[in-house]
Ligand code: GAL
């Protein structure tokens, strides 16, 4: 069987996580801090109700950082012990908490920060909190009301009990079983054949396991079972059970595989599900195609670098007709360099040839005050490497971008936090740490590939990762960046919170960004400026006027549906402010292998969620910054990042963001006007189940007859009168473009 993929998707349903008592609802909340909030006698009647599973920022506590408390009153019936085969421990699952927490039961401190040592202030925001107690622990009040109190610390950005799994359960033998779906990848062969190896593992020194493993593949749209198999299993800690199942999928779309294990002694069943990846983007053709935007902005006299993005069988030969004086094209690499002295729109024609033929494209070099006329396409180190970023990792990413993505328009290689040395030089100059031995040579390497290099800092004395920021060294840092050949600066508020007054005025929000923009303007380079202050003071209303090429509109993203959908679908408010050169930034992409530190995992988003992610970000005209390890780009992730018709929506020269035009029954329709007069339409299913939906064109204020094209499949769907009907899997999308052809 031919291996086409190197990817897999993790658990989407977590019945593994069987809970006896649900604690999803009924929580009370208060900002601030007091020891009495832990007590079971404390009267919390006047506390505000709060939802868990989402940040407090999304529930009316905008920008709140510091301590807060969650409380819940819950009866723990002793009957839950009867159902368990093992009667040893009880477990309280409290989800993920941003950033740190202490868990109190009936006034008693049970644990801190997910059981990790250290203070609540150094919390692991992404760790699932699970606290366990022996069943005979007297702090549990069986058959009576118990008070759960959770003290939370948030150091910045979003905060609270924001995601994860919640419940109280008696731990049972099945808690020692792991259905491992992630050590092995899906393998795909000819004729829709697939195979997948799964492992049953025991984490217990005490117990051996016997039981049945049931494998089912279902079509999430029709709910019909398309494959099933049951096998007897037998395994122990040193003896995992391995099984490779083989199936044939009926179609190239979403299917869900479920693995359930029924344990013989207890009769308990645990199950995990994973979605099977499916590639929609057609293979890149051998014939030449010129991709990327139709326009590129440059300032007068600033050094210009534009690598013509083109695909097709190599070698490619590049040329530009009407290239203005001052610019030259390298015909082998396709890189345009030089500088322009006079402002104006220079209309040129790009020409690329290979042995199969040639392609041409009209292109405008817009020399003026505005750069970044279409959103940045690139990579940033944060969502994969976190503070463990290094010169080697950055170079490896640049090489991969050059080989696999540059032909589709991807350009920026951005170093996030973690590059700075502990001290400045005696001259006050910022210095890179040991992981970055020579910034100038790194930037030469990146530029040599036709790519651009970005860097990260904070207006405060320290970055969010605790490294040196630019406070009181703004001009000096801007000059250093210029000397190194930096093309993009991400500027993260972080410790500037201690410099700015407690409730900053609009001017105070603007101040540090204006200061750095002015410093960057003094450098003779076109440096893109990315504001990272999480949307404070409605930054989208003033980001453009003080020279931001993009501004983050929210806190940090992570690879969960809660985070992705919470951020992505709340972007209608800033949407009207997107314009050429100035874009809303709902944070970086979480596809491929991510991890925020040295160890990485496959994005926990399902394939449908990842299609939603890219489609929505393109509709929003958002900067697209890949957040994964580029050296491990698998076929599915590549398919997400190399669909030129989808990327063209993001790169459209009109520079407008889609607006949410329609919303009903968890279906949302976002519509983006395009430069050619057509519209891009995203129909999203936010439901936990597949849905069939009919979209009436009149609800979208579109004409009653439309020719539609499916952008992911790059396929014309035909002409539709009045409406369009489609079944969309859970959290999936259909991305369409209307066509202006006469009907
Ligand atoms: C956060 C920021 C992240 C990343 C990180 C670095 O505040 O939102 O994108 O830059 O800091 O420490």
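The values are calculated or read from the model by the stated rules, or taken from the named source; none is laboratory data. Since the model is a prediction, treat every value here as computed from it, not as a measurement. Backbone-built Cβ (ideal geometry, glycine too); neighbour counts: all protein chains shown.
Per-structure values
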| read-out | value |
| --- | --- |
| Which numbered condition residue 328 fails, given (1) away from the ligand (no atom under 16 Å from the Cβ); (2) in contact (Cβ under 8 Å) with a residue 12 or more places away in the chain; (3) touching a strand residue (DSSP E or B) at 6+ places or on another chain (Cβ under 9 Å) | (2) |
| Qualifying residues in region 444-476 (those that are part of a strand (DSSP E or B) and more than 14 Å from the ligand (Cβ to nearest atom)) - the one farthest from residue 508 (Cα to Cα) | 452 |
| Scan of region 142-159 for residues that are in contact with a strand residue (DSSP E or B) (Cβ under 7 Å, 6 or more places away or on another chain) and surrounded by 14 or more Cβ atoms within 10 Å (Cβ to Cβ), ordered by number | 142, 146, 147, 148, 149, 150, 151, 152, 153, 154, 158, 159 |
| Qualifying residues in region 82-107 (those that are out of contact with any helix residue (DSSP H, G or I) (no Cβ under 7 Å at 6 or more places or on another chain) and surrounded by fewer than 16 Cβ atoms within 10 Å (Cβ to Cβ)) - the one nearest to residue 24 (Cα to Cα) | 83 |
| Qualifying residue in region 166-179 (condition: in a loop (DSSP other than H, G, I, E, B), buried (at least 20 other Cβ atoms within 10 Å of the Cβ), in contact with a strand residue (DSSP E or B) (Cβ under 8 Å, 6 or more places away or on another chain) and not assigned by TED's automatic domain parsing to the domain that holds residue 686) | no |
| All positions within region 487-514 that are within 17 Å of residue 416 (Cα to Cα) and either within 16 Å of the ligand (Cβ to nearest atom) or not assigned by TED's automatic domain parsing to the domain that holds residue 417 (or both) | 488, 489, 490, 491, 492, 493, 494, 495 |
| For residue 52: the one exception among (1) in a helix (DSSP H, G or I); (2) closer than 30 Å to residue 493 by Cα; (3) at pLDDT 95 or above | (1) |
| Count of residues meeting criterion [part of a loop (DSSP other than H, G, I, E, B), touching a helix residue (DSSP H, G or I) at 6+ places or on another chain (Cβ under 9 Å) and farther than 27 Å from residue 179 by Cα] in region 246-298 | 6 |
| One residue from 321, 336 being in contact with a strand residue (DSSP E or B) (Cβ under 9 Å, 6 or more places away or on another chain) and within 27 Å of residue 578 (Cβ to Cβ) | 336 |
| Total residues in region 718-741, condition without any contact (Cβ under 8 Å) to a residue 24 or more places away in the chain and surrounded by 16 or more Cβ atoms within 10 Å (Cβ to Cβ) | 1 |
| Tally, over region 408-418, of residues that are more than 11 Å from the ligand (Cβ to nearest atom) and on the phi < 0 side of the Ramachandran plot | 5 |
| Subset of region 548-558 that is outside any strand (DSSP E or B) and touching a helix residue (DSSP H, G or I) at 6+ places or on another chain (Cβ under 9 Å) - its residue that is farthest from residue 613 (Cα to Cα) | 548 |
| Of the criteria (1) surrounded by fewer than 24 Cβ atoms within 10 Å (Cβ to Cβ); (2) under 15 Å from the mean Cα position of the chain (by Cα); (3) more than 16 Å from the ligand (Cβ to nearest atom), which one residue 635 fails | (2) |
| Residues that are surrounded by fewer than 19 Cβ atoms within 10 Å (Cβ to Cβ), more than 23 Å from residue 581 (Cα to Cα) and touching a residue at least 40 places away in the same chain (Cβ under 8 Å), drawn from region 298-318 | 313, 314 |
| In region 559-577, residue farthest from the ligand (Cβ to nearest atom) [restricted to those that are buried (at least 24 other Cβ atoms within 10 Å of the Cβ) and in a loop (DSSP other than H, G, I, E, B)] | 571 |
| Residue within region 550-557 that is touching a residue at least 40 places away in the same chain (Cβ under 8 Å) and away from the ligand (no atom under 16 Å from the Cβ) present | no |
| Residue list for region 375-390, restricted to those being more than 13 Å from the ligand (Cβ to nearest atom), in a loop (DSSP other than H, G, I, E, B) and crowded, with 24+ Cβ neighbours inside 10 Å | 375, 376 |
| Restricting region 534-543 to residues that are surrounded by 20 or more Cβ atoms within 10 Å (Cβ to Cβ) and away from the ligand (no atom under 12 Å from the Cβ), the residue that is farthest from the chain's Cα centre (by Cα) | 543 |
| Which numbered condition residue 584 misses (of (1) within 13 Å of the ligand (Cβ to nearest atom); (2) within 27 Å of residue 606 (Cα to Cα); (3) out of contact with any strand residue (DSSP E or B) (no Cβ under 6 Å at 6 or more places or on another chain)) | (1) |
| Given (1) at positive phi; (2) within 16 Å of the ligand (Cβ to nearest atom), number of the condition residue 598 does not satisfy | (1) |
